[in-house]
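*Asks:* Dropping the structure in here first, questions after.
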Amino acid sequence: MFGVSPLDLGFPGPEPSATVEASPSTMEEVNVDRRAFVADSLGAAASLAVGSSDAVGTAHILELSEGLRSLYTLDDAYGGGDVRSLAVRHLRRVRRVINTGSYPDTIGRQLQLLAGETAEQCAWLYYDADDQDTARRYWGEALTTATMLRDAGLEILVLASLSMQASYEGRPRDGYDLARAAHQRAVSLGSPVLLSLIASREARALTLMRDQSSARKRLADSMRMVDRGDRGRPAPEWAAFHGHAELDYAQGLLYTEAGHHTAAVPFLRAALAHQDRTYGRNRALYRLTLARGLVQAGEVDESAAEAVGSLEHLEEVESGRVTRRLAEVRDLLASADAASARQAGEELTEYAQQKGDG
């Protein structure tokens with residue numbers, strides 16, 4: 001339904017792997033271009049709907065699956081802010097095919113699974129946009145589908161995602177319990193990378209529960225498992241982002257929560273260095289988190305430089321989580337008594353205002 005490359009899909013700007021310079025003065029133009037593309041794509045998606053008289057077959061499944069994969073690509077590069085409306089339209093399309101098409105049971109199961117996977121992606125995009133109530137509703141829909149189909153893969157994905165959300169919302173006990181439930185279901189799949197990802201979610205919850213000893217142990221387990229990734233079954237496609245960059249970031253957050261900001265900085269630097277440029281949203285989040293860690297460690301000038309430098313990653317990213325982190329860094333710099341911090345704070349404030357106006 002869509003191409004794989006964001007450029008092919010019509011999103012403005014260079015490929016995610018390219019290095020770009022920040023240009024806050026062009027923010028309004030970028031936002032308008034991106035939103036116009038999404039609106040155009042929604043219309044294209046609607047025009048491709050299968051009618052009630054059409055027989056649904058493998059070709060339709062492949063097309064709908066390609067659409068979902070393209071949503072993953074757009075999210076990785078640009079974040080959930082604008083992409084979520086496209087995902088919701090894609091979910092409506094899948095539902096329309098389910099309820100108006102004619103197909104055998106084997107195709108019906110694949111359609112239902114696609115609906116569950118697309119609902120999960122909608123949830124993730126709303127989570128990234130920081131609309132947690134809507135995210136929870138879509139995750140509930142995805143979990144219902146997983147239960148109905150008895151599909152372990154989708155169930156694990158949703159439980160791991162709900163664990164992440166619970167920790168983000170300050171409910172670490174729920175986050176831990178959800179991650180443990182995901183782990184119990186994932187053991188039989190034999191994927192070290194998947195188990196590593198779930199262990200990192202457990203470690204994050206334990207960190208927020210102030211159980212630093214158990215968090216360090218679980219994170220060490222996660223690191224060992226990701227290194228064994230080539231010895232077991234491959235991870236599901238949705239877990240492709242998980243690797244050393246994610247684990248460096250998790251280690252940095254562990255030290256941050258413990259108040260060891262100086263110790264956190266090298267891990268946050270490594271996370272940014274190891275993060276593939278395809279993941280534009282994550283690079284923006286990582287760099288702002290590094291800026292936060294630096295100012296908390298007393299390295300104000302360096303923090304200011306990283307914060308201003310992060311604007312190059314933010315120009316085409318639309319993510320509520322990133323916006324929240326930007327505000328945290330701006331507030332920390334505002335409280336620092338240094339000329340570099342004041343100047344950086346002014347630039348971040350101006351940037352945020354331009355982005356909001358766009």
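The values are calculated or read from the model by the stated rules, or taken from the named source; none is laboratory data. What you see is a predicted model; the values in this text were computed from it and never measured. All Cβ positions, even for glycine, are placed from backbone atoms using ideal geometry, and neighbour counts span all protein chains on display. Areas reflect the complete protein model, heavy atoms only, side chains present, ligands, DNA and RNA absent. Shrake-Rupley method; radii C 1.70, N 1.55, O 1.52, S 1.80 Å.
*Asks:* If you check every pair at least six apart or on different chains, which have Cβ atoms under 9 Å apart with a residue in the stretch 209-235 that is within 11 Å of Val193 (Cα to Cα) and open to solvent by 60 Å² or more (accessible area, probe 1.4 Å) first and a residue that is hydroxyl-bearing (Ser, Thr, Tyr) and part of a loop (DSSP other than H, G, I, E, B) second?
*Replies:* As it stands, the answer is Arg233/Ser191; Pro234/Ser191, since those pairs meet every condition given.
Yes/no per residue for (1) closer than 26 Å to Val56 by Cα; (2) within 20 Å of the chain's Cα centre (by Cα); (3) open to solvent by less than 40 Å² (accessible area, probe 1.4 Å); (4) of a type in the set (S, T, N, Q):
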position	(1), (2), (3), (4)
Gln112	yes, no, no, yes
Thr134	no, yes, yes, yes
Glu141	yes, yes, no, no
Thr147	yes, no, no, yes
Leu159	no, yes, yes, no
Gln165	no, yes, yes, yes
Gly175	no, yes, yes, no
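*Asks:* Taking the conditions exactly as written (touching a helix residue (DSSP H, G or I) at 6+ places or on another chain (Cβ under 8 Å), open to solvent by 40 Å² or more (accessible area, probe 1.4 Å) and closer than 18 Å to Gly81 by Cβ), does Gln354 satisfy them or not? If you could, list the steps in order and put the result at the bottom.
*Replies:* Numbers: touching a helix residue (DSSP H, G or I) at 6+ places or on another chain (Cβ under 8 Å): yes; open to solvent by 40 Å² or more (accessible area, probe 1.4 Å): yes; closer than 18 Å to Gly81 by Cβ: yes.
Yes.
*Asks:* Still on this structure: Does the stretch 187-195 include one or more residues that are over 20 Å from Val226 (Cβ atoms), open to solvent by less than 30 Å² (accessible area, probe 1.4 Å) and either among the hydroxyl-bearing types (Ser, Thr, Tyr) or touching a strand residue (DSSP E or B) at 6+ places or on another chain (Cβ under 8 Å) (or both)? Give the steps one after another, and end with the answer.
*Replies:* Narrowing the stretch 187-195 to residues over 20 Å from Val226 (Cβ atoms): none.
No, there is no match, as no residue in the stretch 187-195 is over 20 Å from Val226 (Cβ atoms), open to solvent by less than 30 Å² (accessible area, probe 1.4 Å) and either among the hydroxyl-bearing types (Ser, Thr, Tyr) or touching a strand residue (DSSP E or B) at 6+ places or on another chain (Cβ under 8 Å) (or both).
*Asks:* Separate question: Please specify each residue of the stretch 261-296 satisfying the condition of being at pLDDT below 90 and touching a Lys or Arg at 6+ places or on another chain (Cβ under 8 Å).
*Replies:* Gln275, Arg277, Arg283
*Asks:* Which of the residues that make up the stretch 324-347 are within 25 Å of Gln132 (Cα to Cα) and open to solvent by less than 50 Å² (accessible area, probe 1.4 Å)?
*Replies:* Answer for the stretch 324-347, where residues must be within 25 Å of Gln132 (Cα to Cα) and open to solvent by less than 50 Å² (accessible area, probe 1.4 Å): Arg325, Leu326, Ala327, Val329.
*Asks:* Could you list all residues from the stretch 251-287 that are touching an Asp or Glu at 6+ places or on another chain (Cβ under 8 Å) and not in a loop (DSSP other than H, G, I, E, B)? Break it down into steps so the answer makes sense when it comes.
*Replies:* First pass over the stretch 251-287, keeping only residues touching an Asp or Glu at 6+ places or on another chain (Cβ under 8 Å): 265, 267-268, 270-271, 274, 278-282, 287.
Correct list: Val265, Phe267, Leu268, Ala270, Ala271, His274, Gly280, Arg281, Asn282, Arg287.
*Asks:* Determine the pairs where a residue that is in contact (Cβ under 8 Å) with a residue 60 or more places away in the chain, located within the stretch 62-76, has a partner that is charged (D, E, K, R) and in a helix (DSSP H, G or I) with Cβ atoms under 7 Å apart, the partner being 6 or more residues away or on another chain.
*Replies:* Asp76/Arg281
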